[in-house]
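Right, one structure below, let's go through it.
The values are calculated or read from the model by the stated rules, or taken from the named source; none is laboratory data. Being a predicted model, the structure only gives us computed values, none of them experimental. Cβ atoms come from the backbone with ideal geometry, glycine included; neighbour counts cover every protein chain shown. What goes into the accessible areas is simple: the full protein's heavy atoms, side chains included, and nothing from ligands, DNA or RNA. Shrake-Rupley method; radii C 1.70, N 1.55, O 1.52, S 1.80 Å.
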Amino acid sequence: MEVKGNLVVSNRDMALVRQRIELGDGSLLVVQTSIECASKIPETKCVRGEVTLMGSHIEPTSESSCKITSVSLVDPKGSIPSSFINKMKSRQHDVFVAIKAKLEA
């Protein structure tokens, strides 16, 4: 996975493994973590970040809606202004809104 930077911040590259687990109550748990992978060397102009843990619990609340609880512990490595980090955190919500819009289309 590659995250584009801007003029101030270098691109970030991450090698991840993802597990999707369907729970007995009808909910879904998706977890990700970084891995060392010899075949996935960092791109030349990227800084290799590290995901200690990312997870989403997707829980149906009715026939047409669900509740999503998401957590992440990420070390992007290198030097990044806090304003850029805060911007990226707020964009996570936008991803879920975009997913919802696609599902409703």
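Residues whose amide H falls under 5 Å from that of Ala15, counting only those 5 or more places apart or on a different chain, are Ile35, with hydrogens built in the peptide plane. Positive contributions from Lys and Arg (+1) and negative ones from Asp and Glu (-1), summed over other residues with Cβ under 12 Å from the Cβ of Phe96, come out at +3.
Dipole magnitude for the chain: computed about the Cα centre from +1 point charges on Lys and Arg Cβ and -1 point charges on Asp and Glu Cβ, it is near 420 debye. Axis angle, to the nearest 10 degrees, between helix 82-104 and the longest C-alpha principal axis of the chain: 40 degrees.
Over all other residues within a Cβ to Cβ distance under 15 Å of Leu23, the charged ones net out to -1, with Lys and Arg as +1 and Asp and Glu as -1. For the chain, the share of accessible area belonging to carbon and sulfur comes to 57 percent (1.4 Å probe, ligands and nucleic acids excluded). When both segment 88-105 and segment 20-87 are represented by their alpha-carbon centers, they are found 14 Å apart. Ordering Leu103, Phe84, Val30 by Cα displacement along the dipole of segment 2-104 toward the positive end leaves Phe84 in first place; charges were set at the Cβ atoms of Lys, Arg (+1) and Asp, Glu (-1).
So with the 1.4 Å probe, I'd like the accessible area per residue for segment 2-104, rounded to whole Å². Using a 1.4 Å probe on heavy atoms only, each residue of segment 2-104 averages 76 Å².
In order along segment 47-61, the Karplus-derived 3J(HN,Hα) couplings, from 6.51 cos²θ - 1.76 cosθ + 1.60 at θ = phi - 60°, round to 9, 7, x, 10, 9, 5, 7, 10, x, 9, 10, 10, 10, x, 10 Hz, and Gly and Pro are given as x.
Listed values for segment 15-26 are Karplus-derived 3J(HN,Hα) couplings in whole Hz (6.51 cos²θ - 1.76 cosθ + 1.60, θ = phi - 60°), namely 9, 10, 10, 10, 10, 10, 10, 8, 8, x, 8, x, and x replaces Gly and Pro. Cβ under 14 Å from Ser72's Cβ, Ser72 left aside: what net charge do those residues give with Lys, Arg +1 and Asp, Glu -1? Around Ser72, the charge tally is +2.
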